[in-house]
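Have a look at the structure below, then the notes.
The values are calculated or read from the model by the stated rules, or taken from the named source; none is laboratory data. The structure displayed is predicted, hence computed values, not measured ones. Cβ atoms come from the backbone with ideal geometry, glycine included; neighbour counts cover every protein chain shown.
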Amino acid sequence: MVRSGCRKRSREMAKLCSSMHGDWLKIKCNTSESFAGIGYEPSVKVRGSIASLLLAARKGDDLVYVGSVGTGFSAKLARDLKRQLDGIRTDKPAAAVKGKTLVFTEPRLIAEVTFGAWTHDGKLRHTSFKGLREVADHAEVFELTAKEEGDG
């Protein structure tokens with residue numbers, strides 16, 4: 001798999017395209033997966049909006065926090081998501097996550113997210129929100145393996 005921001009040397013490509021500078025091309029490759037929304041961080045800039053959506057993946061019968069996504073949604077969608085998430089608020093987080101201003105929700109919503117890589121400690125890197133999955137499409141929440149958890 002090509003990681004986000006990898007560079008590939010291609011002299012032949014440079015010869016074919018005179019507008020290309022140098023021998024290197026940047027190739028961006030992102031992965032798209034479905035994760036459970038387990039809460040949000042409220043926006044401090046826009047009242048009634050979320051700053052980021054907290055994400056979890058499955059590990060057996062449990063959910064494991066894998067990071068958050070704070071880009072990819074419009075101001076209107078950020079407000080709509082907050083209203084939707086506030087309807088399923090809970091006091092107990094569905095996965096262990098630290099933070100002072102976090103709001104936890106039942107893991108009913110499934111978010112489609114693109115990301116560039118996994119960090120060594122099992123968190124998503126360079127995330128972007130693509131939308132909520134419909135219940136009708138039987139979306140499966142991503143299952144963690146040792147590789148994503150940083151064990152492999």
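Report the residue count in the stretch 47-95 for those that are aliphatic (A, V, I, L, M) and in contact with a Lys or Arg (Cβ under 8 Å, 6 or more places away or on another chain).
Total satisfying the criteria: 5.
Of the residues in the stretch 25-57, how many are touching a Phe, Trp or Tyr at 6+ places or on another chain (Cβ under 8 Å) and buried (at least 18 other Cβ atoms within 10 Å of the Cβ)?
12
Looking at (1) closer than 15 Å to Ser34 by Cα; (2) in a loop (DSSP other than H, G, I, E, B); (3) touching an Asp or Glu at 6+ places or on another chain (Cβ under 8 Å); (4) among the hydrophobic types (A, V, I, L, M, F, W, C), find the lone condition where Val141 falls short.
Going through (1) closer than 15 Å to Ser34 by Cα; (2) in a loop (DSSP other than H, G, I, E, B); (3) touching an Asp or Glu at 6+ places or on another chain (Cβ under 8 Å); (4) among the hydrophobic types (A, V, I, L, M, F, W, C) one by one, Val141 breaks only (3).
Among residues belonging to the stretch 1-29 that are in a strand (DSSP E or B) and either of a type in the set (Gly, Ala, Ser) or modelled with pLDDT of 60 or more (or both), point out the one that is nearest to Glu148 (Cα to Cα).
Pass one, the stretch 1-29, residues in a strand (DSSP E or B): 6-9, 24-27.
Checking which are either of a type in the set (Gly, Ala, Ser) or modelled with pLDDT of 60 or more (or both) leaves us with 24-27.
Working: Trp24: 29, Leu25: 27, Lys26: 24, Ile27: 22 Å.
Taking the candidates together, the pick is Ile27.
Please determine, by comparing only the residues of the stretch 58-81 that are closer than 26 Å to Ala146 by Cα and β-branched (Val, Ile, Thr), which one is surrounded by the most Cβ atoms within 10 Å (Cβ to Cβ).
Val66
If the Cβ limit is 8 Å and pairs must be 6+ apart or interchain, which residue in the stretch 123-152 that is within 13 Å of Val113 (Cα to Cα) pairs with which residue that is surrounded by fewer than 11 Cβ atoms within 10 Å (Cβ to Cβ) and modelled with pLDDT of 95 or more?
Every condition considered, the pairs that remain are Thr127/Thr71; Ser128/Thr71; Phe129/Thr71.
Among Ser32, Ser49, which is touching a strand residue (DSSP E or B) at 6+ places or on another chain (Cβ under 8 Å), closer than 26 Å to Phe104 by Cβ and modelled with pLDDT of 95 or more?
Ser49
Being more than 27 Å from Cys29 (Cβ to Cβ) and aliphatic (A, V, I, L, M): is that true of Val69 here?
no
Would you check which residues across the stretch 76-105 are touching a residue at least 24 places away in the same chain (Cβ under 8 Å) and in a loop (DSSP other than H, G, I, E, B) and list them?
Matches in the stretch 76-105: Pro93, Ala94, Ala95, Ala96, Val97, Gly99, Thr101, Leu102.
Any idea which of (1) within 18 Å of Arg133 (Cα to Cα); (2) in contact (Cβ under 8 Å) with a residue 12 or more places away in the chain is the one Ser49 doesn't satisfy?
Just one mismatch for Ser49, condition (1).
With respect to Phe73, is the statement that it is in contact (Cβ under 8 Å) with a residue 12 or more places away in the chain and in a strand (DSSP E or B) true?
no
If only one of Gly67, Gly122 is within 16 Å of Glu33 (Cβ to Cβ) and either in a helix (DSSP H, G or I) or modelled with pLDDT under 95 (or both), which one is it? If you could, list the steps in order and put the result at the bottom.
Details: Gly67 fails: either in a helix (DSSP H, G or I) or modelled with pLDDT under 95 (or both).
Just a single option satisfies the conditions, and that option is Gly122.
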